Every structure is written in structure tokens, then in C-alpha cells.
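Written out below as C-alpha cells is the structure these notes cover.
The values are calculated or read from the model by the stated rules, or taken from the named source; none is laboratory data. Quick caveat, the model's predicted, so the values are computed rather than measured. All Cβ positions, glycine included, derive from the backbone under ideal geometry; neighbour counts span all protein chains shown.
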């Protein structure tokens, strides 16, 4: 590698870092002020690109000048900023006081809605934007050609950083943003109108995301996958730099993109792993980031009270449970092959959702990356069956929960040392490390293509027989976890959930109990993953993706985080709707996103929680 190549590689890294900073700076500002993990930030980035490929070509019809090109970019960002204000007024203003987990899910609902709106307006085909006038030719550096627009992008990042620092230090709005980042409650106590502050902050954050997307059109076509592709990187920058720290985001973006630029030369097969490993190390060593400051509110609970009304089943509830189980077991006898497939998936995801709620509702440990253990179990089972050992399904299904439990033991050792949003972000970091390993280790895992030929043993090859295998194992694991919830270990976990300090003062080893709970939940998710692999016949990295983790969260939200058996209802409802209703329309994401938002706003306790609330009110009226 000669010097000219290294220089060009460094410049490419700087250009990418600059573009990433513009996007991530908006996310870190919004989180710093509102404490909302805004999943919809990636949607604003995507909308910025689509607005730009619409507005900029129209302006260039009048005059192909750089001034009109960049006017179009700014106008696109302003439109997106206004859309951010609309989201704040219509949705976020109603949920500022709800637990942060619900806020995350609500903004994910916005992501789904925006995806279908974009498909409806612009269609599924990628749209290429115009090149920037006056920057079509390259610049020669040490005998190598480097795009002029990339050189312009290198200057954009520091310019945006300088403007943001001026706003933060020289304007009243900026001073209030810095004050709210450090102590939002104190700002409110001083009489500052927080509603106006939050609206302005959302405009600024969405504007920066839209600006980042609009600036990409000479480099990348606008496409419907832009939102989820950028949000992970933006989260990484926000966490490493320090939540709420704009200079920290700039430094983190530089570190990440330079690591990617040169890491691909030195460690080509683990570049993605290095980025998320850095995020995990920062969270473990300095949870508030490189330039962030410790924040007491960041360690507060990010979920509601947890499981309420913890009472053993009454006779009526046991009868209802028995009838539900019998109805499930009758599916292969009365349903066609498709209904049997859906029944298998409902059972699998019910186990995965139940294991997640064991962590969240029972242990108070919010995981944004529970799909990691689901995926590890699936890959462990699939690779043992299709790999050199060619082991039977029975052995693979034993290995799946063991492998996932070991992964949970390794990750959980570090995770349980944190709390609040830092803990949740570390679960996301470890999940992304797992995803990156399986995505890039092509020789073993098949990379993006995955592995095919993961079929049950001959005696269980019939879809009906395999249904009963899944039913027996899933229901047994669910009722085993339910038994733990009511056992002394479950009560100990809830004591630590409600007050770790009080539990520690009476001699409970909080970290050890949480770690063991994490292992148990991970192993159960691994069993679900192994069962899913044999049902599907293949494995691929989507089983470990953020979307899968969000699906699990939506299931427990739908059923009720504060209930023991709610996740089972949530998994059945979510998957049934997804399989039977969604194929009827091309805009299923819109309806799913709207349903998630409605659940957050109207039924925050979920379907089972809503029934319990209604029953309690009826009993109270009858007693009076």
C-alpha cells in the first residue's frame, strides 16, 4: 500500500465521518433534551433524501447552479424539520412522561408508517439524484483522483459542528438545550416552557437528519432501506460520543469511520464487529460516553412497574388455559398446512416473548437485543445439523439453549453491571456484535445467504408431527419459566427490580441474581430459535436483527408487560395479524405502525392488562 492510497482512504473516511456526524448530531441533541431514544430519526434521514431528489431536480430546471442545488438541499431539510415538529405535536407530546421503552416502540411505529408512505409516494425503485453542479470532476491528490463532492463533505461536518456550538453558546435556545441536557427537571422548575423547547429541539434534530439525507443524493440513490441502515450507526455514534454531547458525536463519528476505512484493510472480516465492540467497551468502561457526563436520570427505570397482581391461577384461569392449549393442539387436526405453519410460529414466538418479559417484567432488565439469543440458538441448531458433524435434530435442540445460555452468560456478565438506558444500549451493542459475527463469518455461517437444509429428523418431518414437538417443548419451557416467576428466585428478582439498594442492604446479591436470570431467559430464547430454524428449514442473519428484537418488544407490549401470561397473548395476536391480515394489503407496515402507536397511547398495559383493569373496575363498582 503506497502513501497515495492511504491518503485517499483517509479522505474517504473523513467524508463519511462528516456525513455521519450531521445525522447523529440531531439524534444526540434530541436524546439529550427529551430523553427519547428516537428510532424515527432514520426515517427523517430517508425523507431528507427523497425530498431532495424531488425538490433539487425541479430547482435545477431553472438554472443548473450550485446555489440552487444547495438551496434545494436546505429546503428539503426544512421540510423534514417541519415533519419532526408534526411528530412532536401529534405523538411525542403525549408520551414524554411514559416509560422510555414505550417511547422507543412508538417511534418504531412511526418508522413503519413512514416506510409505507414513502412506498406509496415514490415507489419501490431507487431514485438517483443529480450531481452537485461545479463538483462533477475529481481533484488529483498524489496522483490519485478524489471526488470533489467528497472533499466538500469533509468541510460540512466541521462547519455544522461550528454552527451548532455557536447556537449552543450564543443563543438562548442553545443555552436552554444545554441546560435541559444536564438537568431537564431543573429547567422546568425555573419556569421554562418545556413544550416549546421540545418542539424546537425536534425541529433541529429532524432538520439535521434531513440535511444528512439530502446531502447524500449525489453519492447514493434514495431508497426505502436508508432508514434502518443509518439508525444503527447513529446510535453507535451517540453512545460512544456521549448522549447529548455534540462534540462527542463529532469525535465518535471520526473514530468509527476511520476504523471502518482502515479496519477493512487490516481486519476485512471483522470490521463491523470492531465498531460494535468499541461501543460495548465504552458502555462498560464509561457508560456516559467519551464526552458525556454522568446523568442520574439515565439510570432510572425505563419501563413501567413490571409484573403486577402476581397471583397464582384461579380455577377459572386454569380452565381457560387448558382450553387454549387444547385449541392449539387441535390445529393440525382441523387446519391446513398454512395454519399449522402459523401455529408453530406462534408457539415459537410465544416462548421468545415470554423469555423477554421474564427479563423485563420480572427482572426489570430492558433488552433491545433479545434476538441475539434467539439467533444464536437457531444458528447452533442449524450448523450442527448441516455442518461436518451432521448431528440429529434431537441433539441440536439440546445444544440450542445451551449455546444461547452461554452467550447470555458472557454478555450478561457485563450487562447486569449497568442500569437504565445504558443497560438497554449495551444489550443492543452485544446483539449487533453477534449479528456482525454471523453476517461476516461467511465460511461458517454463509453470511447474508445463511444456511439451508435445516430439517427435522425423519420421524418429525411431517409438519403435523413437528407441530406437536414444538408445542410440547415450547409449552414446557413457558410453564417452567412461569414456575420460576412464582418461585423464591422470581421474588428475589422482583425485589431487585423494585429497589436494588434495598435488596442489596438485606443481603441479596443483586448482580448474581440478575445474571442468572439473564442466562435463563437467553437459554429459553435459544430453544425458541432452534425450534424456529427447523420449522423454517434455513437460518440467516435476519434472526438476529434489530427488527426481530423490536418484534419481541411489540409482542410483550401488545399482551401486557405488567402481566405474567400477557406476552403469550401478544405473540399470538401479533403473529396472527401479521400472517393473516398483512398479506391482504400492500401497506401492512402502515397499519402495524399505527397499531403499535395506538397500543402505546390507548392500551399501555396491553390487551391482558386492559382486561384486568376493566375487571378490577367492575369488581370495585360491584363492591361499592
Would segment 60-80 turn up any residue that is within 23 Å of the chain's Cα centre (by Cα) and assigned by the TED database to the domain that holds residue 34? yes
Select from segment 222-244 the residues that are more than 12 Å from the chain's Cα centre (by Cα), in contact (Cβ under 8 Å) with a residue 24 or more places away in the chain and surrounded by fewer than 24 Cβ atoms within 10 Å (Cβ to Cβ) and list them in ascending order. 223, 224, 226
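Determine whether residue 383 is within 30 Å of residue 237 (Cβ to Cβ) and either at pLDDT 80 or above or assigned to a loop (DSSP other than H, G, I, E, B) (or both). Write out each step before concluding.
Working: within 30 Å of residue 237 (Cβ to Cβ): no; either at pLDDT 80 or above or assigned to a loop (DSSP other than H, G, I, E, B) (or both): yes.
Spelling it out, it is not the case that residue 383 is within 30 Å of residue 237 (Cβ to Cβ) and either at pLDDT 80 or above or assigned to a loop (DSSP other than H, G, I, E, B) (or both).
Taking the condition part of a helix (DSSP H, G or I) and surrounded by fewer than 24 Cβ atoms within 10 Å (Cβ to Cβ), does residue 5 pass? Write out each step before concluding.
Working: part of a helix (DSSP H, G or I): yes; surrounded by fewer than 24 Cβ atoms within 10 Å (Cβ to Cβ): yes.
When the stated conditions are applied, residue 5 passes them.
Out of all the residues in segment 180-196, which are assigned to a loop (DSSP other than H, G, I, E, B), touching a helix residue (DSSP H, G or I) at 6+ places or on another chain (Cβ under 9 Å) and at pLDDT 75 or above? I'd like the intermediate steps shown before the answer.
First, the residues of segment 180-196 that are assigned to a loop (DSSP other than H, G, I, E, B): 183, 190-193.
Then drop every residue that is not touching a helix residue (DSSP H, G or I) at 6+ places or on another chain (Cβ under 9 Å), which leaves 183, 190, 192.
Those that are assigned to a loop (DSSP other than H, G, I, E, B), touching a helix residue (DSSP H, G or I) at 6+ places or on another chain (Cβ under 9 Å) and at pLDDT 75 or above: 190, 192.
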Exactly one of these conditions fails for residue 217: (1) in a helix (DSSP H, G or I); (2) modelled with pLDDT of 90 or more; (3) crowded, with 23+ Cβ neighbours inside 10 Å. Give me its number. (1)
